[in-house]
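What follows is a short report on a single structure.
The values are calculated or read from the model by the stated rules, or taken from the named source; none is laboratory data. Fair warning: this is a prediction, and the values are worked out from it, not measured in the lab. Note: ideal-geometry Cβ built from the backbone for every residue, glycine included; neighbour counts use all protein chains shown. Accessible surface areas use protein heavy atoms only, side chains included; no ligands, DNA or RNA. Shrake-Rupley method; radii C 1.70, N 1.55, O 1.52, S 1.80 Å.
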Amino acid sequence: MKQWITFILGFLSFLAVALMIAVIVAGNKPYSEVEKQAIERVENDFLLEDIQQAYVYSNKQTSVTVIGTDSKGALKAVFVPAGKGELKTVPLEGAVTPQQAREIALADKDIKEILHTKLGMESKGPVWEIAYVNKQDQLNYIYILANDGTTWKQILNL
């Protein structure tokens, strides 16, 4: 009898883990597909030769930011809008780095955990979006202009 109970509990545990993995994979699939399409579009237009990373950035219009180097070795970001639209290429040489943006944004803040730092295109140009949770467990967003490192916008204590 103990063996049956052990078997049933083991099987149910395995089933629960398998279902959680399936849900995570299915939930990430739309993002993975959009990122893959954006990378293919950048490669087909010969905008970047070596791609370092790509991620989805959401604002009024969702886009994918693809960061890499061109044929001359210059670091660039290409902003690919979801669906059809014009690609925007921005050189990152001399721009604020992600680490610098975090240092600027999070100076004198009570940080519990940094969630992400993403480069995206806004009306003011390329911005670093830094999302973090403070010690009161409130979500915060700070946007730093990539060109000069000034704070563009803050959304605090959500």
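Which one of Asp50, Asp137, Asp108 has the biggest mean-square fluctuation once the chain is modelled by GNM with Cα springs under 10 Å?
The residue with the greatest mean-square fluctuation here is Asp108.
Out of the total accessible area of region 74-152 (probe 1.4 Å, heavy atoms of protein only), what percent is carbon and sulfur?
Solvent-exposed carbon and sulfur of region 74-152 make up 48 percent of the total.
Suppose accessible area is computed on protein heavy atoms with a 1.4 Å probe; arrange Thr89, Thr69 from highest to lowest.
Descending accessible area places them as Thr89, Thr69.
Below 8 Å between Cα atoms, with a sequence gap of 6+, how large is the relative contact order for region 109-158 in percent?
Computed over region 109-158, the figure is 29 percent.
Take every Cα pair under 8 Å in region 39-158 that's 6+ residues apart, average their separations, divide by the length, and report that relative contact order as a whole percent.
Result for region 39-158 is 16 percent.
Note the listed values (1) 1.10; (2) 1.01; (3) 1.36, then indicate which one is Cα Rg over 2.2 N^0.38 Å calculated from this particular structure.
Of the listed options (1) 1.10; (2) 1.01; (3) 1.36, (3) comes from this structure.
Rolling a 1.4 angstrom probe over the protein heavy atoms, how many square angstrom per residue are accessible across region 39-158?
Value for region 39-158: 56 Å² per residue.
Which value, in debye to the nearest 20, gives the size of the charge dipole of the chain about its Cα centre, when Lys and Arg are +1 and Asp and Glu are -1 at the Cβ?
Using only the charged Cβ atoms, the result is roughly 500 debye.
Quick check: the angle from helix 2-44's long axis to the longest principal axis of the chain, C-alpha only, nearest 10 degrees?
Roughly 20 degrees between the two axes.
How much length, in nm to one decimal, is gained on full extension between Ile8 and His116, taken as 0.36 nm per residue of separation minus their Cα-Cα distance?
Fully extending the segment from Ile8 to His116 adds 34.8 nm.
Mind grabbing the accessible area of Leu75 for me, 1.4 Å probe, Å², rounded to tens?
Around 50 Å² of this residue is reachable by solvent.
Once every DSSP H run of n ≥ 4 in the chain is given -39500 (n - 2.57) and the sum is divided by its residues, what mean residue ellipticity at 222 nm do you get, rounded to the nearest 500 deg cm²/dmol?
That comes out to -11500 deg cm²/dmol.
Toward the positive end of the charge dipole of the chain, about the Cα centre and with charges on Cβ (Lys, Arg +1; Asp, Glu -1), which of Ile142, Thr6, Gly27 goes farthest?
In the chain, that residue is Thr6.
Taking the chain as a Gaussian network, Cα atoms linked when under 10 Å apart, which of Ser58, Ser13, Ser123 shows the biggest mean-square fluctuation?
Answer for the Gaussian network model of the chain: Ser13.
Around Lys135, under 14 Å between beta carbons, what's the net of Lys plus Arg minus Asp minus Glu among the other residues?
So the environment of Lys135 carries a net charge of -2.
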